[in-house]
Each structure stands twice: as structure tokens, then as C-alpha cells.
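J.: The following block contains the structure, expressed as C-alpha cells.
The values are calculated or read from the model by the stated rules, or taken from the named source; none is laboratory data. A quick note: this is a predicted structure, and the numbers were derived from the prediction, not measured. Quick reminder, even Gly has a Cβ in these numbers, built from the backbone with ideal geometry, and neighbours come from all protein chains shown. Heavy atoms of the whole protein, side chains included, go into the accessibility calculation; ligands, DNA and RNA do not. Shrake-Rupley method; radii C 1.70, N 1.55, O 1.52, S 1.80 Å.
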Amino acid sequence: MSDTPDLTDAPVVSSPPPPPPPPPPSHTPEPRVSAEAQQGSDRAREALLAVRREVGKAVVGQDAAVSGVIICLLVRGHVLLEGVPGVAKTLLVRAMAKALAIDTKRVQFTPDLMPGDITGSLVYDNTTSEFVFREGPVFTNLLLADEINRTPPKTQASLLEAMEERQVSVDGLPRPLPQPFLVAATQNPVEYEGTYPLPEAQLDRFLLKVVLPLPPRQDELEVIRRHAAGFDPRDLTAAGIEAVAGPEDLAAGVAAVRAVTIAPEVAGYIVDIARATRSAPSLSLGASPRGATALLATSRAWAWMNGRTFVTPDDVKALAHATLAHRLSLRPEAELEGVSVGSVLASAIGSVPVPR
């Protein structure tokens, strides 16, 4: 399969006398990437890959989660981090913000949290005798929404406009959020008492769902060694984490990812995977067109991070589970039989022929 889509020129109609130069093709050729743009893309890739090394100074064995957050930053998406307490979800987000030199804030979601506690609200200023807007914690670059499933749906929904429109509306006035902006929400997959599961419509707003597993023995030993040597997760500076990238690298990466090409056959592969989930007998809800476009976006980002300017079927398969699994719903009878969403999605992917 070629790196770029196959384009067929339309027939060229000439009139006598023929012009000296050859007739132009019927399609517009893709612009060549300048050497300066290519250098900027390479610098941004190296800087963002260095972020993984810096985060590794504080977080052991969670490179996949770090890559997921970087992908979301590159395609302006949001990430849902799922894992039992104690697998370094919060530490990972804090370490990434420090390595990227961006601002971060944390909100602990509780049953009594109100929407205004997140977005901000109007408060009365005695000095001016006017109501002024006091920004909430959502006005940051990297918002850690800790245990998002512990707050009622009304408060969960207060994040929807921020996630989709990059703004919040208070008193009828839209207020833009800083750029870049990413919501990293966490939830505990084990304890469900007193929780409010995210509805399908809000789960669909998260670009990726990344599961942070319990570490293998060797990684857990490394965690113990670091703590025995004096590692303090509250002091990232002492851990040696430095800013190795910044907003300008993210902006260059965003532009480079948008330039990654995708062949028609690979685009069709993405669509066929999404359609296969809709016809899976064990699923009551398959991937929507938004899910298909999300898989396209994450595949392009993954291809760019691996040094390619085009998407391959392997890129699609590598990101399919993290991009689509949380958008699918099992039928009740399938749940009773112990069927998992992951196994159904794997079967759907396996049923689609891989383009050559």
C-alpha cells in the first residue's frame, strides 16, 4: 500500500493549437512539507517523547497511559483514566504537567460538588458594587477531575461544554478556556457504592479510555526501592522531573498530526470496524461516526509519534481498543454470560479484512 492516496487524473481536453506547457492535473497535489516545517515536527516529536522519560522518573511502568495523554493533547481530546486506588493516576497527571511546563489543577469530585465549583461563578465585589466573575479550576491547561463518577450527573454535565467547546458560559456570556486544554478524569472500576456512572453520551466525549493496571512484580519492586531511597510523590522537583517540552511543542505537534495522510483503503478500514461493532449481536450500542472520527484522529497521532507521515492498519489496530471500547454497551444477556466489551471488540476487528 502506498504512503498517499491513489488519485486518478481526469481526462485532459486540449484545443488547437496546444499550449506549450503540459496541462495541469485535475486534482490539487498535496503541498510539499518545507524543510523548516519538517524540522519543527521532528523537534516536537523528540520533545514529547522525552516527556515519557521524565514522567518515568516518578511513575513506573505506565508508558501506555503517558502516551495516551500525549495523544489526547495532540488531537485536542480528553482522557478517562481508570484504575484501582494507588496506581499513580494523580501522580501521572501532575508529572506530565511539570514535564510539559503547563498549568494544572485538581478537583476532587464529591456528591455535594456543584457546577459553579468547577466552572466558576459571579460574586459580589463590595469595592465596585458589581458582580464579577471568579474563575473556577476549569480555567487551566490540564484539569484532573478526580473520581468523576462520585459526583451527581448535573455536576458531571458541567464539564461537557468545556470539553467540547473549550469554553464555559456563565450568566449567558461565553468565556474561552486556555490553550491547550485537557480533562483527565479518573474513576475507580471496583467500588460502585455511592457513585454515578457516566452516561453513554458523556463517555463518548472522551477521546480515549486508558486502563492503568496493577504493576508486575518487577515494577512494584522498583516503586518500593524508590520510596525506600526517599522518593516523595509530593515533591516532583526532588524527583528530578524537568520541563522538557512546552505549549509551542504541542502546537507544532498538532500541526504535524493534521498533515499525516491516510489512504482511502485505511479510511475504509476504520469505517468497517465501526460498522462491525454496530452489527455485533452482543452489543446494544456500537461505535458512532464520532467514534470512527476519533479512531482516525488517534491513529494519525500514533503514526506521527512513531515517525511516519501516513497511517497504517497497524496504527488503527493499536488504538482501536482505547478509542472505542468505552463507547460500546453490552446487552444484558451478554453481561450475564460474562462476555466482555474487549472480547466483542476484538472479534469485530478480527472480522474486518485488513487492507493490503
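J.: Output the residue which, of all residues in region 140-171 that are more than 18 Å from Asp204 (Cα to Cα) and open to solvent by 50 Å² or more (accessible area, probe 1.4 Å), is modelled with the lowest pLDDT.
T.: Asp171
J.: A further question on this structure: Any residue in region 246-258 that's closer than 14 Å to Ala303 by Cα: show its pairings with residues that are outside any helix (DSSP H, G or I) and open to solvent by less than 60 Å² (accessible area, probe 1.4 Å) at Cβ separation under 7 Å, as long as the two are six or more apart or on different chains.
T.: From region 246-258, the pairs are Val257/Val75.
J.: Would you point out which residue out of Ala243, Ala184 is aliphatic (A, V, I, L, M), in a loop (DSSP other than H, G, I, E, B) and under 19 Å from Thr104 (Cβ atoms)?
T.: Ala243
J.: What is the residue count in region 113-146 for residues that are under 25 Å from Arg290 (Cα atoms) and of a type outside the set (A, V, I, L, M)?
T.: 1
J.: Here's another thing I want to ask about it. Whether any residue in region 56-76 is at positive phi and hydrophobic (A, V, I, L, M, F, W, C) is what I want to check.
T.: no
J.: Right, here's the next one. If I filter region 234-246 for residues that are exposed (fewer than 15 other Cβ atoms within 10 Å of the Cβ) and touching a Pro at 6+ places or on another chain (Cβ under 7 Å), do I get at least one hit?
T.: no
J.: Based on what the data block shows, is Arg275 modelled with pLDDT of 95 or more and either touching a Gly at 6+ places or on another chain (Cβ under 6 Å) or farther than 26 Å from Met305 by Cβ (or both)?
T.: In short, yes.
J.: Hey, another quick one. Output the residues belonging to region 187-206 that are in a loop (DSSP other than H, G, I, E, B), open to solvent by 20 Å² or more (accessible area, probe 1.4 Å) and within 30 Å of Glu248 (Cα to Cα).
T.: Matches in region 187-206: Asp204, Arg205.
J.: Hey, another quick one. Can you find a residue in region 285-296 that is in contact (Cβ under 8 Å) with a residue 12 or more places away in the chain, over 23 Å from Arg258 (Cβ atoms) and touching a Ser or Thr at 6+ places or on another chain (Cβ under 8 Å)?
T.: Initially, region 285-296 is screened for residues in contact (Cβ under 8 Å) with a residue 12 or more places away in the chain, giving 285-292, 294-296.
Keeping just the survivors that are over 23 Å from Arg258 (Cβ atoms) gives 285-286.
This time we only want the ones that are touching a Ser or Thr at 6+ places or on another chain (Cβ under 8 Å), so: 285-286.
Within region 285-296, one or more residues are in contact (Cβ under 8 Å) with a residue 12 or more places away in the chain, over 23 Å from Arg258 (Cβ atoms) and touching a Ser or Thr at 6+ places or on another chain (Cβ under 8 Å).
J.: Sticking with this one: Please note which strands (runs of 3 or more DSSP E) are completely contained in region 27-131 and include at least 1 residues that are touching a His at 6+ places or on another chain (Cβ under 9 Å), open to solvent by less than 10 Å² (accessible area, probe 1.4 Å) and closer than 24 Å to Leu236 by Cβ.
T.: Output list reads 79-82.
J.: Quick one: what pairs do we get from region 96-123, first residue over 13 Å from Val138 (Cβ atoms), second open to solvent by less than 70 Å² (accessible area, probe 1.4 Å) and of a type in the set (Phe, Trp, Tyr), C-beta under 7 Å, 6+ apart or different chains?
T.: From residues that are over 13 Å from Val138 (Cβ atoms), the pairs are Leu122/Phe133.
J.: Give, as residue ranges, the helices (runs of 4 or more DSSP H) completely inside region 248-356 that count at least 3 residues that are open to solvent by less than 40 Å² (accessible area, probe 1.4 Å).
T.: 264-278, 289-305, 313-324, 341-350
J.: Against the conditions (1) over 20 Å from Leu91 (Cβ atoms); (2) surrounded by 14 or more Cβ atoms within 10 Å (Cβ to Cβ); (3) over 19 Å from the mean Cα position of the chain (by Cα), where does Pro137 fall short? Just the number, please.
T.: Condition (1) is where Pro137 drops out.
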